[in-house]
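The values are calculated or read from the model by the stated rules, or taken from the named source; none is laboratory data. Quick caveat: nothing in here was measured; it's all calculated off a predicted structure. A quick note on method: Cβ atoms are made from the backbone with ideal geometry, for glycine too, and the neighbour counts reach across all protein chains shown. In case anyone asks, the SASA skips ligands and DNA or RNA and just uses the protein heavy atoms, side chains included. Shrake-Rupley method; radii C 1.70, N 1.55, O 1.52, S 1.80 Å.
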Amino acid sequence: MAPVTTGQHHSLAVVLFAVVVLVTLGITLWVGRRGQAAEDFYAGGRDFTPLQNGFALSGDYLSAASFLGVTGLIALYGYDGVLYSIGFLVAWLVVLMLVAELVRNAGRYTLADVLALRMRERPLRAAAGSASVVVTLLYLIAQMVGAGSLVTLLLGTNGGQAKTWTIVGVGALMIIYVTVGGMKATTWIQIVKAFVLIVGAVLLTVLVVARFNGNLAELMRAAAQGSGKGQAYLEPGLKYGASLTSRLDFFSLGLGLVLGTAGLPHILSRFYTVPTARAARRSTMWAIGMIGGFYLMAIVLGLGATALVGAKAVKAANPAGNTAVPLLALDLGGGPGSTVGVILFALISAIAFATILAVVAGLTLAASAAFAHDLYARAWRRVGRREPTEREELVVARSAAVVIGALAIVLSLFAQQLNTAFLVGLAFAVAASANLPTLLYSLFWSRFTTRGAVWSVYGGLVPAVLLVVFSPVVSGAKTSIFPGLDFHWFPLENPGLVSIPLGFLAGWIGTLTSREAADPDKYAELEVRSLTGAGAA
């Protein structure tokens, strides 16, 4: 792959990346001095407005998977790639209708806070905390992969050294954001990032549409031609229609995407940053509007990348398509030799980099909160020992952010050839399998017991992880993490079709076989609190 930046153009791109890093670090240091209490670290003081939290929700959700991965899949697979964006968007209706207000009223900092209101705390927090750490790690890997692809394209190299150092740098930055700034700084970074991301997407969309004189039909025809697949590019089946297995894989993917958002720890924790349940609902509605608009633009950008850059060039730059948007920006500005092209390329790359930095901060915060607040402070505390103080818990949370960041760095180095949207799809599937069944049962089933909750978490988490390990994602295919090995026996790339029903089934069986009956008074208390907000934090 030829470098797209040379000389002063390369310097400009590096300067823009440096500006992104300095601005986000400045926000972190400025906000980090303003509050050191647990409520500030975990929930940002609960004083963000619905509009602010709507931007932050959008910032958390519109990750590298959306900006780089989804557009790359649309560029390579056309109609089948668009299905990703539909799944990501429809998921928010589940969040709005079933989760946002109830979680805000019933919880304090984490998902386990909601579940522990009516269950025995230690086993429940151990299960829910472990699931949250696994889900956020999978999500973190996707963001790191996006960062590596982006900087490799910027430097014009196929070598692994640039990717490795990029991943290490992003990991170090996210650790600083979380340990210094907590939720308040992370939220402001998300707000700024969401704004610039939407502005950047609008700019590129306008340029693409203008290139085709506002004729979207002509854009689609040019995309079909640039894909090398002809009319098949605009029809279902290019990626998921070749066989029964691929069709089942698509159904499994869609199920995970639609149900997974409501179980993502970093999304659920954002509802605690607003003062009331009504504010949580309004912030969700703001987020749906912004996210919906973005995914409509992502379709145009994916088609534009295929029409103007060509699927072959997109795949040559990155086999998974993660660099389609920066390449499109370069072409819209005049190509590799033009100053405007490289400026636009560098600007969009910097926005994508800001997207990655902001999302990894939110993910690391959610994982460290689950570890410190659920596992360390409650699940692993010996019977009879005093609860750790707020200060001790925060020290553990900050230390956990360092460990989780380091682990994400190591794991990301093995997944560089996978598409970021695909990796996020795996995180969604695990969240939908382990977290969502437990949450819905707890909120809406009066007979649900502690055994049912624990079985539901592990009954979804363990199968989901095992099925991924023994799927073509890890071995048995050219695009696998270990392409030279073959120990897969599960044919689908996404486990949701099997693991999500297993999560619900395990919770039901665990409840029916439980010797300990559910406490009707605790369920009544949870019901009143979740619906009215009485006693909410």
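Key figures for this structure:
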item: Scattering profile of the range 27-105 at q = 0.11, 0.13, 0.18, 0.20 Å⁻¹ [log10 I(q)/I(0), Debye over alpha-carbon scatterers]; result: -0.46, -0.61, -0.91, -0.99
item: Whole-angstrom gap from the range 65-119 to the range 477-493, using each part's C-alpha centre; result: 27 Å
item: Cα point-scatterer Debye curve for the range 44-85, base-10 log of I(q)/I(0) at q = 0.28 Å⁻¹; result: -0.87
item: Coil-residue chymotrypsin sites (Phe, Trp or Tyr not before Pro) of the range 408-501, DSSP, other Cβ within 10 Å capped at 13; result: 414, 487, 489
item: The range 184-240: C-alpha gyration tensor shape, a/c 1.5 cut-off, then a/b vs b/c; result: oblate
item: Value of Rg/Rh across the chain [Cα atoms, Kirkwood radius]; result: 0.97
item: Angle in degrees between helix 216-227 and the longest Cα principal axis of the chain, rounded to the nearest 10; result: 80 degrees
item: Length-normalised contact order of the chain in % [C-alpha pairs under 8 Å, at least 6 apart]; result: 29 percent
item: Furthest towards positive pole of dipole, 182, 243, 437, structure part the chain, Cβ charges; result: 182
item: Sequence of 522, 163 when ordered by accessible area, the most exposed leading, probe 1.4 angstrom; result: 522, 163
item: Whole-percent carbon and sulfur share, accessible surface of the chain, 1.4 Å; result: 66 percent
item: In Hz, Karplus ³J(HN,Hα) per residue of the range 142-148 (6.51, -1.76, 1.60; θ = phi - 60°; x = Gly, Pro); result: 4, 5, 5, 4, x, 5, x
item: Heavy atoms of residue 11 accessible to a 1.4 Å probe, total area in Å² rounded to 10; result: 60 Å²
item: Between the range 210-264 and the range 315-346, the alpha-carbon center distance in angstrom; result: 22 Å
item: Rounded accessible area of residue 482 (nearest 10 Å², 1.4 Å probe); result: 80 Å²
item: The range 397-510: C-alpha gyration tensor shape, a/c 1.5 cut-off, then a/b vs b/c; result: oblate
item: Kirkwood hydrodynamic radius of the range 141-250, from inverse mean 1/r over distinct Cα pairs, in Å; result: 18.1 Å
item: Shape call, the range 219-309: gyration tensor on alpha carbons, a/c limit 1.5; result: oblate
item: Rel. contact order, % - alpha carbon contacts under 8 angstrom, at least six apart, the range 209-276; result: 11 percent
item: Using alpha-carbon coordinates, inclination of helix 339-369 to the longest axis of the chain, degrees; result: 10 degrees
item: 222 nm mean residue ellipticity, helices alone, for the chain (DSSP H n ≥ 4; -39,500 (n - 2.57); rounded to 500); result: -23000 deg cm²/dmol
item: Within straight-line cross-link reach of residue 184, lysines at Cα separation under 16 Å, skipping those fewer than 8 residues along the same chain; result: 193
item: Helix 496-512 vs. the chain, principal-axis angle (Cα, 0 to 90°, nearest 10); result: 0 degrees
